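The values are calculated or read from the model by the stated rules, or taken from the named source; none is laboratory data. As the structure is a prediction and not an experimental result, all values here were calculated from the model. When we count neighbours, we look across all protein chains shown, and the Cβ atoms used for this are built from the backbone with ideal geometry, even at glycine.
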Amino acid sequence: MHEDAERGPGSAGPGRRYALSGNAVRLRPVEPADNELIHSWYLDAETVRLAGDRPTSLAARQERFAQARTGHGSDHYAFMIVRLVDDQAVGRVDLFEIDHVNGSASFGITVASLERGKGHGRAAIEILLRFGFEELRLERIWLDTDSENKVAQGLYASIGFVHEVRQRHHYFQEGGFIDAIRMAMLRSEWQEQTQE
């Protein structure tokens with residue numbers, strides 16, 4: 001039996017090719033078995049703050065996942081970010097609020113705290129953009145981030161996202177309101193970058 005077949009369909013192996021893959025990471029759909037790992041990432045206070053999340057039980061997260069699966073593949077795609085070198089999940093990225101009529105969608109990303117700053121988020125976003133613009137034929141992919149998250153804003157800008165608007169007092173966190181920054185990329189901007 002071939003080595004990859006012994007490991008199962010989700011396993012990494014020599015020469016294995018994935019549909020949503022880059023040089024260092026691949027994206028695969030979130031599965032129910034991922035809930036505990038995802039939940040562990042959200043026990044970190046900084047992750048919760050960056051994601052604008054509230055403390056959530058594992059049971060509630062599992063229920064939210066079950067509800068989201070009914071719409072998965074039409075207006076919400078949830079992916080795990082998996083390192084190719086060892087097949088370890090290091091984060092998740094979602095494409096949601098998909099407007100098929102107008103060709104737009106939002107995305108969000110969470111990278112495990114110990115995996116930040118290693119390029120996994122950038123690689124995952126680049127794969128997600130390719131999926132959104134090529135496979136879903138979207139015209140615009142956008143995101144909201146809090147105005148204090150300068151690291152994320154710098155990353156998004158370096159990928160090619162453009163600052164569109166500041167939404168005042170959009171989030172309530174840690175006892176006060178903070179603004180949101182909306183950034184977006186158009187298909188033509190993405191195409192121009194990928195041809196360079």
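Checked against the criterion of being surrounded by fewer than 15 Cβ atoms within 10 Å (Cβ to Cβ), modelled with pLDDT under 90, more than 14 Å from the chain's Cα centre (by Cα) and not basic (Lys, Arg), the candidates Glu46, Glu31 yield just one match: Glu46. Consider Arg92 carefully, then state whether it is surrounded by 13 or more Cβ atoms within 10 Å (Cβ to Cβ) and not in a helix (DSSP H, G or I). Taking the combined requirement at face value, the residue satisfies it. The condition (being in contact with a strand residue (DSSP E or B) (Cβ under 6 Å, 6 or more places away or on another chain) and not in a strand (DSSP E or B)) is satisfied by just one residue among Leu138, Leu129: Leu138. Yes or no: Thr145 in contact with a strand residue (DSSP E or B) (Cβ under 6 Å, 6 or more places away or on another chain), within 22 Å of Arg28 (Cα to Cα), hydroxyl-bearing (Ser, Thr, Tyr) and surrounded by 18 or more Cβ atoms within 10 Å (Cβ to Cβ)? So Thr145 does not fit the description; no.
This table checks each residue for (1) assigned to a strand (DSSP E or B); (2) touching a Phe, Trp or Tyr at 6+ places or on another chain (Cβ under 6 Å); (3) under 28 Å from Leu37 (Cβ atoms).
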{"site": "Phe96", "(1), (2), (3)": "yes, no, yes"}
{"site": "Ile109", "(1), (2), (3)": "yes, no, yes"}
{"site": "Gly121", "(1), (2), (3)": "no, no, yes"}
{"site": "Ala152", "(1), (2), (3)": "no, no, yes"}
{"site": "Ala157", "(1), (2), (3)": "no, no, no"}
{"site": "His170", "(1), (2), (3)": "yes, no, no"}
{"site": "Phe177", "(1), (2), (3)": "yes, no, no"}
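The C-beta contact set for segment 173-196 (first residue within 15 Å of Glu139 (Cα to Cα), second residue part of a loop (DSSP other than H, G, I, E, B) and among the charged types (D, E, K, R), distance under 7 angstrom, 6+ apart or interchain) comprises Leu186/Glu139; Arg187/Glu139. Filtering segment 111-141 to residues that are crowded, with 21+ Cβ neighbours inside 10 Å and not hydrophobic (A, V, I, L, M, F, W, C) leaves His120, Gly121, Gly132.
For segment 147-178, the tally of residues that are farther than 18 Å from Phe107 by Cβ and within 21 Å of the chain's Cα centre (by Cα) stands at 3. Once segment 165-183 is narrowed to residues that are of a type in the set (D, E, K, R) and surrounded by 13 or more Cβ atoms within 10 Å (Cβ to Cβ), the residue that is farthest from Gly121 (Cα to Cα) is Asp179.
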